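See below for the structure under consideration.
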Amino acid sequence: MRVVFLFLWYNLIMKLHFFGATRIVTGSNYLLETGNAKILIDCGIFQGTRYVEEKNYEDFPFNPKEIDFLLVTHAHLDHIGRIPKLYKDGFRGKIFTTRPTKDFARIMLEDGLGIMEKEAKNLKREPLFTITDIEASLKLMEGIDYGQKIDLTPEVSCQFRDAGHILGSAIIEVWADGKKIVFSGDLGNPPVPLLKPTEFIDKADYIVIESTYGDRNHEAKKNRQDILENAIEDTAAKGGVLMIPAFALERTQELLYELNELVENHRIPQVPIFVDSPLAIKSLEIYKKYPDYYNKKATYLINSGDDLFKFPGLTFTETVEESKRINDIKPPKIIIAGSGMSTGGRILHHEIRYLPDPNSCLLIISYQVAGSLGRRVLDGEKEVKIFNETVPVRAEVKAVGAYSAHADQQGLYNWLVRFEEPAKRIFVVHGEEGPALALVQLIRDHLGIDASAPMLNEVVEL
Ligand code: ZN
């Protein structure tokens, strides 16, 4: 009898493991162990320094064969990048995510594999997974809608809500064994040009919240188009090149939306604009598939016949030859290319060429992970190495936080304030130590809720 009782009691304890994005922004991976199911939330890669990236090659700290479900917040690689490895290591459960995320996952993983294969070759090691693992893991993925409640087991259900971070991004609500846990995923920075605003959630026993900008606030959003306009006007006047490293997903599309407005209202001089990213071109096709995910203003513009991603002076360069031909166009010119943190991709070829030019400008519009080339240039390094070449940084370096896809400290706080009843506990993840601990302190001081920033592999009982 006592044994049975103990068994039942043990089964009622829920455990939450933090296997990534603990006091760093990448490698999101949490395991929720309920009485009868093991559910992973996100399975991303670690990015940044060599030391951090080494973790991608380690075995998972759990048995992938025992995982029943994987819930995916959005298609950035730091949230999905190890899914094929999870499959390769034995996972055969079901994956739920939104329909756009499912579509984006394919192109993001294929692109990631390309970069990884090159890296693996340099380091003389096997890549994390193969194209076969990508294909097979995508077959386990089911695309669902926001607000659609899914029963995973009789005791566990989940629902995805719009996070407003990138197209298809989600906050995930999980009801398990009579308790409710909310995973914020990456929270958006509304209002943004294309997406609907981040949804508020009214109830949770436990909250896992991101903290990328947990310690600071962005400039006022109304100024950001002016900053972009000024950067273009300055570079055009100096006859330089404006380089904008941009994530293929979302940032590029939002920039195009804003440039479309600046060009069509004749607010900027006529300068050729290049989108030099095959991945951005592919993701644009997915954007066009989901107009019902856009906000009212974007929908209105489309309905009135405006193609948001097409305007005079804009050229998409898909092939390597087309990309190389950008060099032949005399400045001034604007080049938007990946990767967003200058960790690879075509932007590096442009940076080698134009970072030494004092008339040119590097405009940084997104979060730069510690250790990335973008972060080092942003932090003021006067000389960097690109493809083993020493490149002096003489170009102007500007950063606009307001273009960020992430909520700032005020935005995170406002999202937490909208819960009707205080949660029992809040776990702060997906931020470097400073921002994460700043948000922890803010939550304790102003909301009076027990908060902490878990360490890697920490496990808590809920
Ligand atoms: Zn993200």
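Scan the stretch 192-208 and give yes if some residue there is of a type in the set (Asp, Glu) and more than 15 Å from Trp415 (Cβ to Cβ), otherwise no. Yes, the stretch 192-208 contains a residue that is of a type in the set (Asp, Glu) and more than 15 Å from Trp415 (Cβ to Cβ). Contact map, the stretch 71-97: residues that are farther than 15 Å from Ser28 by Cβ paired with residues that are within 16 Å of the ligand (Cβ to nearest atom) and open to solvent by less than 10 Å² (accessible area, probe 1.4 Å), Cβ distance under 7 Å, separation 6+ or inter-chain. Pairs shown: Pro84/Leu109; Phe96/Leu71. Look at the stretch 440-461: where a residue is of a type in the set (Lys, Arg) and a partner is crowded, with 16+ Cβ neighbours inside 10 Å, sitting 6+ places away or on another chain with Cβ atoms under 7 Å, you get Arg444/Ala451. Scanning the stretch 61-79 for residues that are over 8 Å from the mean Cα position of the chain (by Cα) and within 16 Å of the ligand (Cβ to nearest atom) returns Leu71, Val72, Thr73. Considering the conditions (1) under 21 Å from the mean Cα position of the chain (by Cα); (2) away from the ligand (no atom under 16 Å from the Cβ), Ile171 is excluded by exactly one of them, (2). Within the span defined as the stretch 348-358, one or more residues are assigned to a helix (DSSP H, G or I), assigned by TED's automatic domain parsing to the domain that holds Phe247, closer than 24 Å to Leu284 by Cβ and open to solvent by less than 10 Å² (accessible area, probe 1.4 Å).
Residue count for the stretch 434-462, restricted to those that are part of a strand (DSSP E or B) and buried (at least 16 other Cβ atoms within 10 Å of the Cβ): 2.
With respect to (1) of a type in the set (A, V, I, L, M); (2) in the same structural domain as Arg23 (by TED's automatic domain parsing); (3) assigned to a loop (DSSP other than H, G, I, E, B), the lone exception for Val369 is condition (2). Here the condition is being of a type in the set (Val, Ile, Thr) and over 27 Å from the mean Cα position of the chain (by Cα); of Ile227, Ile244, Ile268, it holds for Ile268 alone.
Residues in the stretch 239-281 that are part of a loop (DSSP other than H, G, I, E, B) and aliphatic (A, V, I, L, M) were compared, and the one that is surrounded by the fewest Cβ atoms within 10 Å (Cβ to Cβ) is Val271.
Restricting attention to the stretch 185-224 and to residues that are outside any loop (DSSP other than H, G, I, E, B) and farther than 17 Å from Ile426 by Cα, the residue that is nearest to the ligand (Cβ to nearest atom) turns out to be Leu195.
Among the criteria (1) away from the ligand (no atom under 16 Å from the Cβ); (2) open to solvent by 10 Å² or more (accessible area, probe 1.4 Å), the one Val156 does not fulfil is (2). Could you tell me whether Gly35 is among the small types (Gly, Ala, Ser), within 16 Å of the ligand (Cβ to nearest atom) and more than 15 Å from Val429 (Cβ to Cβ)? No: the conditions fail for Gly35. Within the stretch 85-107, identify whether any single residue is surrounded by 17 or more Cβ atoms within 10 Å (Cβ to Cβ), away from the ligand (no atom under 16 Å from the Cβ), under 26 Å from Ser342 (Cβ atoms) and modelled with pLDDT under 95, and answer yes or no. No: zero hits.
The values are calculated or read from the model by the stated rules, or taken from the named source; none is laboratory data. Remember, predicted model here, so these are calculated numbers, not experimental data. Neighbour counts run over all protein chains shown; Cβ positions are idealised from the backbone, glycine included. To get the accessible areas, we keep the full protein, side chains included, count just its heavy atoms, and leave off ligands, DNA and RNA. Shrake-Rupley method; radii C 1.70, N 1.55, O 1.52, S 1.80 Å.
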